[in-house]
Amino acid sequence: MKQQKKWYDYLWIFSLSYLILGFFNILFAWLGLLCFFIPLILSIGKGNKSYCNRYCGRGQLLALAGGRFGLSRKKDIPKWMRSPHFRYGFLIFFFLMFFQVLWNTYLVFAGAKDLTMAVTLLWTWKVPWHWAYHGTLLSPGVAQFAFGFYSVMLTSTILGFLTMLLFKPRSWCVYCPMGTMTQLICKAKNRAQK
């Protein structure tokens, strides 16, 4: 008997909508903070990885593209990508990139730097993205954070799709920084309860 779909089985639509909306208006990038804070809140509150296992729209999108649409080679991810050294190293690297976004945002808010209307792909290539910013009554720092955060989210999505194509559909989940961080929180919480 086929299991009935729940509301959270359609959260992949949120992930896809996020990418599309950010393409047309960069300020929608702020919605990505939901994908940053909700996993942390759930792992702290429940002590488990329910976000990763049930609510992650990106994981669902990768499973859909790689599974139902057959875009995945369905090969095992290499051992080195599953290793704690790689996962924790990638988490640290990801946070360094996130802190760079925060630093650039601070500089724009402080007036020490002009707004950069570009999205940086794979932390290397600046792609002009000027059509996605139409001005606002808010400080340019608000837009600077949006450009930076969208860069992080788009880069991680590209990495997710690359690993989905090469390996199993949800291979990104093995080394996802949020998954690694929530796992650390769950271990600490469960250790504290013993």
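The values are calculated or read from the model by the stated rules, or taken from the named source; none is laboratory data. Remember, it's a predicted structure, so these values are computed and weren't measured experimentally. Positions of Cβ are backbone-derived with ideal geometry, glycine not excepted, and every protein chain shown enters the neighbour counts.
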| note | Quick count over the stretch 16-67, residues being in a helix (DSSP H, G or I), in contact (Cβ under 8 Å) with a residue 60 or more places away in the chain and small (G, A, S), is 9
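Residues are listed down the side, and each one gets a yes or a no for (1) in contact (Cβ under 8 Å) with a residue 60 or more places away in the chain; (2) part of a loop (DSSP other than H, G, I, E, B):
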| site | (1), (2) |
| --- | --- |
| Q100 | no, no |
| D114 | no, yes |
| S151 | no, no |
| T157 | yes, no |
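Conditions (1) without any contact (Cβ under 8 Å) to a residue 60 or more places away in the chain; (2) among the hydroxyl-bearing types (S, T, Y), marked per residue:
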{"position": "W129", "(1), (2)": "no, no"}
{"position": "Y133", "(1), (2)": "no, yes"}
{"position": "F147", "(1), (2)": "no, no"}
{"position": "G160", "(1), (2)": "no, no"}
{"position": "L165", "(1), (2)": "no, no"}
{"position": "G179", "(1), (2)": "no, no"}
{"position": "T182", "(1), (2)": "no, yes"}
{"position": "K187", "(1), (2)": "yes, no"}
| Among the candidates W12, W80, W30, residue that is buried (at least 16 other Cβ atoms within 10 Å of the Cβ) and modelled with pLDDT of 95 or more | W12
| said: Restricting to the stretch 72-98, give me the number of residues that are outside any helix (DSSP H, G or I) and either within 25 Å of W123 (Cα to Cα) or among the small types (G, A, S) (or both). | reply: 4
| task | With respect to Q193, determine if the residue is in contact with a Lys or Arg (Cβ under 7 Å, 6 or more places away or on another chain) and in contact (Cβ under 8 Å) with a residue 24 or more places away in the chain. | result | no
